[in-house]
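Trainee: The structure follows.
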Amino acid sequence: MLTVRELHKKFGALEVVRGVSFHVDAGECYGLLGPNGAGKTTTLRCCLGLTAPDAGEITLDSLPVPARAREARARIGVVPQFDNLDPDFTVRENLEMFGRYFGLPRAAVAARVPWLLDYAGLTDKADAPIEALSGGMKRRLTIARALVNDPRVLFLDEPTTGLDPQARHLVWQRLKRLLGEGRTIILTTHFMDEAQRLCDRVAIMDRGAFIAEAPPHVLIDREIEPAVIEVYGDRVGAWFEAHAKRLAERAELTGETAFCYCRDPEPLLATLAAEPELRVLRRSANLEDVFLKLTGRDLRD
């Protein structure tokens, strides 16, 4: 559904996308991950024909981009990072007006609206003004609006940013339902648990290039030791110097937290039995551990 080959894009002297190549199969959820400034947004804008690349080839739903980008965009759905619903219209009217932007007949849009309202769980809010909706309701409506033209491909830019856990889980259920229907999703997110839960494959992007690409579980198995011990407390620095570097395959001290990556965590845990003032969390490695190992813990602006 999407193929990108050797994509390059510069802004002035800065090359923000450096030779990126990837493909997304039909029915797949593909995650594009990376710190701020990694080049994700520019890559997606090039894929949508909103930014002209300096070099490379892009095919979206069998159409070349940017040459036939307008035609390609008519076939897809896009959920922007921030909701841009029209506050002058009701829930139903937002769906109806958006369908008209695609040139769909009024009767066809009207027939589709009940399904969209049901999908978003907003049937009882059909005539409510937008300001009466919660953040989660607005996000579900934005996702439903992206389905008004019945697209086979959806681009989702951080779809659950700002939502509480209950709303996030409900959005996840809706997205899984779309995948179950055979739709294709290209997802950007800063929530690694979201990517691990939804994506068939993820690419981690940094400084304009892909540094890893694989199914989440493959990346976790390949990049990170299976057990992670997190240690918190005022005396963690002394304990870290005495034990963590010696007993863990890899260890990092960030502020008052030690992260210890182990194949056999028992020797490390034995030392913590003599440190009752330290708090300990034992967990399995996850995609966030991979992300931080490959891109670093330094803050990006």
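Trainee: With the alpha-carbon atoms as the only input, what is the per residue convex hull volume for segment 151-301 in Å³?
Mentor: Details: hull volume 22.2 nm³, N = 151.
Value for segment 151-301: 147 Å³ per residue.
Trainee: Would you mind computing Rg(Cα) / (2.2 N^0.38 Å) for segment 73-230, counting N as its residues? Mind dumping the intermediate values first?
Mentor: On the way: Rg = 17.4 Å, N = 158, 2.2 N^0.38 = 15.1 Å.
Expressed relative to 2.2 N^0.38 Å, the Cα Rg reads 1.16.
Trainee: A further question follows. Hey, what did segment 25-112 get for relative contact order, percent, Cα under 8 Å, at least 6 apart?
Mentor: On the way: 46 pairs, mean separation 12.4, N = 88.
Answer for segment 25-112 is 14 percent.
Trainee: Right, next: Along segment 204-212, what does the Karplus equation 6.51 cos²θ - 1.76 cosθ + 1.60 (θ = phi - 60°) give for ³J(HN,Hα), rounded to whole Hz, x for Gly and Pro?
Mentor: So the Karplus estimates, Gly and Pro as x, are 9, 10, 8, 6, x, 9, 6, 10, 6 Hz.
Trainee: Rounded to the nearest 500 deg cm²/dmol, what is the calculated helix-only ellipticity per residue at 222 nm for the chain, with -39500 (n - 2.57) per DSSP H run of length n ≥ 4?
Mentor: Computed mean residue ellipticity for the chain: -9500 deg cm²/dmol.
Trainee: Restrict the search to segment 255-301; then list the trypsin sites (Lys or Arg not before Pro) that DSSP places in a loop and that have at most 14 other Cβ atoms within 10 Å of their Cβ.
Mentor: 263, 297, 300
Trainee: Something else now. Which length gain, in nm to one decimal place, applies between residue 172 and residue 55 when the Cα-Cα distance is subtracted from 0.36 nm times their residue separation? Numbers along the way, then the final one.
Mentor: Working: separation 117, 0.36 × 117 = 42.12 nm, distance 3.52 nm.
My answer for the length gained is 38.6 nm.
Trainee: Can you list the aspartates and glutamates whose alpha carbon sits under 12 Å from that of residue 176, skipping same-chain ones fewer than 8 residues off?
Mentor: The reachable aspartates and glutamates, counting only those whose Cα sits under 12 Å from residue 176, are 28, 194, 200.
Trainee: Run through every distinct alpha carbon pair of segment 22-151 and return the Kirkwood hydrodynamic radius in angstroms, one decimal place.
Mentor: Working: mean 1/r = 0.0616 Å⁻¹.
This gives a value of 16.2 Å.
Trainee: Suppose we take every Cα in segment 136-223 and form the convex hull; what volume per residue is that in Å³?
Mentor: On the way: hull volume 9.6 nm³, N = 88.
Taking only Cα atoms, segment 136-223 has a hull volume of 109 Å³ per residue.
Trainee: Still on this structure: Under 1.5 on a/c is rounded, so check that first for segment 236-301, then, if it is not, pick prolate when a/b is larger than b/c and oblate when it is not; a ≥ b ≥ c are the square roots of the alpha carbon gyration tensor eigenvalues. Could the numbers behind the result be given before it?
Mentor: Working: a/c = 2.08, a/b = 1.56, b/c = 1.33.
Verdict is prolate for segment 236-301.
Trainee: Oh, and also: Under a straight-distance cross-link criterion of Cα-Cα below 15 Å, which aspartates and glutamates are reachable from residue 245, leaving out those fewer than 8 residues away in the same chain?
Mentor: 225, 230, 264, 266
Trainee: Starting from the Cα of residue 118, step 7 Å along the direction of its Cβ; do the same at residue 271; then give the gap between the two resulting points in nm.
Mentor: The two pseudo-label positions are separated by 6.0 nm.
Trainee: Which log10 I(q)/I(0) values, to two decimals, does segment 70-137 give at q = 0.14, 0.16, 0.20, 0.22 Å⁻¹ under the Debye formula with one point per Cα?
Mentor: The Debye formula, applied to the Cα set alone, gives -0.44, -0.58, -0.90, -1.07.
Trainee: Here's another thing I want to ask about it. Applying 1/(1 + (r/R0)^6) with R0 = 51 Å to the Cβ-Cβ distance of residue 298 and residue 102, what FRET efficiency is obtained, to the nearest 0.05? Kindly include the intermediate steps, with their values, before the conclusion.
Mentor: Numbers: r = 43 Å, r/R0 = 0.84.
After rounding, the FRET efficiency stands at 0.75.
Trainee: Let me ask something else. Give me the distance between the Cα centres of segment 77-153 and segment 1-60, rounded to whole Å.
Mentor: 28 Å
Trainee: Another question, if that's okay. Calculate how steeply helix 135-145 sits against the longest principal axis of the alpha-carbon atoms of the chain, using the helix alpha-carbon long axis, and give the answer as 0 to 90 degrees to the nearest 10.
Mentor: Between helix and principal axis, roughly 50 degrees.
Trainee: Taking only C-alpha pairs under 8 Å that are 6+ residues apart, what is the relative contact order of the chain in percent?
Mentor: On the way: 549 pairs, mean separation 61.3, N = 301.
That works out to 20 percent.
Trainee: Name the long-range amide H neighbours of residue 19: under 5 Å, sequence gap of 5 or more, or other chain; modelled H, no Pro or chain starts.
Mentor: Under 5 Å from the amide H of residue 19 lie the amide H atoms of 7, 8, 9, each far enough along the sequence or on another chain.
Trainee: Another question, then. What does the extension gain come out to for residue 36 and residue 14, with contour length at 0.36 nm per residue minus their alpha carbon separation?
Mentor: Working: separation 22, 0.36 × 22 = 7.92 nm, distance 1.52 nm.
So the chain would gain 6.4 nm between residue 36 and residue 14.
Trainee: Rg over Rh of the chain, using C-alpha atoms and the Kirkwood radius, what does it come to? Please list the in-between numbers first.
Mentor: Numbers: Rg = 22.4 Å, Rh = 21.4 Å.
My calculation puts Rg/Rh at 1.05.
Trainee: Straight-line reach from residue 138: which aspartates and glutamates have a Cα under 12 Å away, not including same-chain ones fewer than 8 places off?
Mentor: 83, 86
Trainee: Taking square-rooted eigenvalues a ≥ b ≥ c of the alpha carbon gyration tensor, is segment 1-97 rounded, prolate or oblate, where a/c under 1.5 means rounded and, failing that, a/b exceeding b/c means prolate? Each step should come with its number before you reach the end.
Mentor: Details: a/c = 1.97, a/b = 1.56, b/c = 1.26.
Prolate shape, in that a/c is at least 1.5 and a/b is the bigger ratio.
Trainee: Only Cα pairs under 8 Å and at least 6 apart count here; give the relative contact order of segment 186-269 as a rounded whole percent.
Mentor: Details: 103 pairs, mean separation 19.5, N = 84.
Computed over segment 186-269, the figure is 23 percent.
Read-outs: derived from the displayed coordinates by stated rules, not from any lab. This is a predicted model, so every value here is computed, not measured. So basically every Cβ, Gly included, is an ideal-geometry build from the backbone, and we count neighbours across all protein chains shown.
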